[in-house]
1. What's the number of the only condition in (1) within 17 Å of L199 (Cβ to Cβ); (2) in contact with a strand residue (DSSP E or B) (Cβ under 6 Å, 6 or more places away or on another chain); (3) open to solvent by less than 50 Å² (accessible area, probe 1.4 Å) that L122 fails to meet?
2. Is there any pair with a first residue in region 117-143 that is more than 14 Å from L78 (Cβ to Cβ) and a second that is among the basic types (K, R) and part of a helix (DSSP H, G or I) whose Cβ atoms are under 6 Å apart and which are 6 or more apart or on different chains, and what are they?
3. With the requirement that a residue be farther than 21 Å from S213 by Cβ and either open to solvent by 60 Å² or more (accessible area, probe 1.4 Å) or in a loop (DSSP other than H, G, I, E, B) (or both), what does region 105-119 give you?
4. Name the single residue, out of those in region 207-221 being part of a loop (DSSP other than H, G, I, E, B) and loosely packed, with under 14 Cβ neighbours inside 10 Å, that is farthest from the chain's Cα centre (by Cα).
5. Any residue that is open to solvent by less than 10 Å² (accessible area, probe 1.4 Å), closer than 24 Å to L102 by Cα and of a type in the set (G, A, S) - is there at least one of those in region 181-197?
6. For region 1-102, list the helices (runs of 4 or more DSSP H) that sit wholly inside it and hold at least 2 residues that are loosely packed, with under 10 Cβ neighbours inside 10 Å and either touching a helix residue (DSSP H, G or I) at 6+ places or on another chain (Cβ under 9 Å) or at pLDDT 85 or above (or both); which are they?
7. Is there any pair with a first residue in region 52-75 that is closer than 18 Å to Q113 by Cβ and a second that is assigned to a helix (DSSP H, G or I) whose Cβ atoms are under 8 Å apart and which are 6 or more apart or on different chains, and what are they?
Amino acid sequence: NEAGVLAGLHSTNITVVDPGRVPAKPVKPNVPLYLLVALCGGFVLGVCGAVLVDSLDNKINSVTDLENEIGQAVLGLLPHVPETTGRALILEAPQSPYVEALRAMRTGVLLSQSDAPPKVFLVTSSLASEGKSTTSINFAISLAQTNKKTLIVDADLRRGTLRRRFQLHHGAGLSDLLAGQSAEPAIQEVDGVPNLHVLAAGSKTPNPSELLSSEAMRTWIKRWKSEYDFVVLDSAPVLP
């Protein structure tokens, strides 16, 4: 019986075969395993998060993004320049990085068509104060410097700036021409810039969009194309 079995156990007939030892490391937690799982899990979550952020990002962050979005090649990049009170950087700092980039852009634009270079250019921006008029002025001067007769037209009928920046005298401008208030535009030459002619915006008008999309505007553009080598339209920002 159980009592008899227990009574037969004595210290003299028990032999320790394998004494108990203190383990060298704890059984739990398994640090290497947990680190491996954490690294793999973090990598998978990081990749998934990056893919999600990239798929939700609709901003244009590079030239490649822009070309893919509009389906056209970028012909030039102009560096940002601070606001200047001068008339034109191409005259004041002809060796600056901005002017060098502008000349490269001019070359790219003029070689963009295999048969003949484009004659009419419209310069715009998304919002105001982004350098649209500065780009128009410098680009028009760069075209005139190639010994080509160039006309720059202030087509921003709400906030035209070419009259002030070129220091032109007052006269009939584009709005007066399109509204039928003047038979001939007051196109003025620019002192110190041969081959460059300027047409200011003219009088303030409550309906600039209607005037710019009129048949008269198309007719004048056709006429200017026949009288000038290049025509640059300094347009209004598109979003407002």
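1. (3)
2. K119/K225
3. Let us first name the residues in region 105-119 that are farther than 21 Å from S213 by Cβ, namely 105-117.
Listed by number, the residues that qualify are T107, L111, S112, Q113, S114, D115, A116, P117.
4. We begin by selecting, within region 207-221, every residue part of a loop (DSSP other than H, G, I, E, B); these are 207, 213-214.
Adding the requirement that they be loosely packed, with under 14 Cβ neighbours inside 10 Å leaves 207, 213.
On the way: N207: 29, S213: 26 Å.
So the residue we want is N207.
5. No, region 181-197 has no match at all.
6. Numbers: elements: 2-7, 31-56, 63-70, 89-92.
In region 1-102, the matching helices (runs of 4 or more DSSP H) lie at 31-56.
7. A73/E67; V74/V63; V74/L66; V74/E67; L75/M105; L75/G108; L75/V109
Residue by residue, here is whether (1) free of Cβ contacts under 8 Å to residues at least 60 places away in the same chain; (2) part of a helix (DSSP H, G or I); (3) at positive phi holds:
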| site | (1), (2), (3) |
| --- | --- |
| N147 | yes, no, yes |
| R164 | yes, yes, no |
| S175 | yes, yes, no |
| T205 | yes, no, no |
| R223 | yes, yes, no |
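The values are calculated or read from the model by the stated rules, or taken from the named source; none is laboratory data. Given the structure is predicted, the values throughout are model-derived calculations rather than measurements. Cβ atoms come from the backbone with ideal geometry, glycine included; neighbour counts cover every protein chain shown. Calculation scope for accessible area: heavy atoms of the full protein, side chains included, ligands and nucleic acids excluded. Shrake-Rupley method; radii C 1.70, N 1.55, O 1.52, S 1.80 Å.
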